[in-house]
Every structure is written in structure tokens, then in C-alpha cells.
Amino acid sequence: MDKIVDASLVLVLLVNFFMLGTSRMRSVINGSRSQGIALALVSLFVHGGFAWQALVIAAGAILFKGWLIPRIMFQAMRDVDIVKEIQPLIGFVPSLLLGALVTGLAVLFAHSLPLAPQHVGSLLVPTALSTVLTGLILLTSRRKAITQVVGYLVLENGVFIMGLTLVHAMPFLVEMGVLLDLLVGIFVMGIMINHIRREFSSLDTTHLSQLKE
């Protein structure tokens, strides 16, 4: 089971780099979908058993992260006929280098934390920190609103991974609350995307600087 967990977490890290280095919207959305499926596997096997909490969390991850939210974003992408992220605030190669830097720092910082014995040497905490930081990079360095929504989703994936380290101590409703907050956030951002498209016929968020009272 540890091998499945480690392989899934390595996949999450690889997808982080993939999303930082690609300009195609469909690829970025599919990357977030792949992360959702990988997180479902992690939640199933991370504690070595199939408790009902783990099964429900995994089902929620697949339903929301692996199907519903990507479907909403694909629909938004089709509605505005957008294919690529053009001229991000930070280029794709610098984004990859920045992603490598934050991943290395996450690994070093994780080793300095007072972790529970079962998590010492695990990839859970480094992957969680790296994924949160990758989400922040996507959220702040991309112009298109859809990519920023994916950045928010990736950031929440990091929080989700960190929550798995406390799944026995943390009440189950807190995990479901995270998924609910994520869903609400995606719907709010969907409304924002629609208004941006309607007003500017584009999803470039730099146009928001033109708004006046």
C-alpha cells in the first residue's frame, strides 16, 4: 500500500510541473483531473485500510475533483472558445524553474517539522507543501481566469493532502467541509468568468484594471 501511496504522490508532483509548463487549457484541466484521481488513491491507501471515512473521502475526490469541476471548466472553455494561455505574467520555463525551487524548499522544510512517527520520511507533507505553492504560482502568474481557477483547485489539493495526515484526529465533517468550500469557490469563479467574458469578450484578467466605479 505504501508503494501505491508514494506512486500517487509522485504523480501529483509530476502533474504540478506539467501544469506549470503547458500552455494548453485542456491539458491544464486534465492535469487537475489527474490529481483528483491520484488523491482518491492516496486517501484510500494512506492509512493501510478501507475505513468508511476513507471510502467516502475518496468518492468525494473522484466526484468533485475528477469529474464535476473539470466538466464545469471544460464547459466554460468551450463557451468562450479559448484554447491556450497566451503570454502569462511569468513564462513557462521560469514557472518550471520556480516550481522546482519551491518543491526543493518544501522537501527541506518538511524534514524540519516535528512530524508524527508514521509520517517521518513520507512524501505526504512535502507533496502537500509543494502543491500548495504550485497552486499559488498558477493563481498569481496566469492571465486567463480558467487557469487561475485551476490554480485555486491545485492549492486546495495541497490542503487536502495535508488533511490526510490528520484524517484520524480531524473530524470527518471537516474534510467534507473542505470539498464543499472548494465547490462553492469554483461556482463563484464560474460566475466571475461569465461576467468577464460578457464585458470584455475575453478571459484575460488584466482587463479588470479597466473597471471603474
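What follows draws every value from the coordinates through simple rules; no lab data is involved. Since the model is a prediction, treat every value here as computed from it, not as a measurement. Here the Cβ positions follow ideal geometry from the backbone for every residue, glycine too, while neighbour counts run over all protein chains shown.
Descending by average beta-carbon neighbour count within 10 Å, the peptides 151-164, 94-107 line up as 151-164, 94-107, the highest first. When you count the other C-beta atoms within 10 angstrom of each residue and take the mean per peptide, 140-149, 61-70 line up highest first as 140-149, 61-70. Computed extension gain for residue 87 through residue 6, at 0.36 nm per residue and net of the alpha carbon distance, reaches 25.7 nm.
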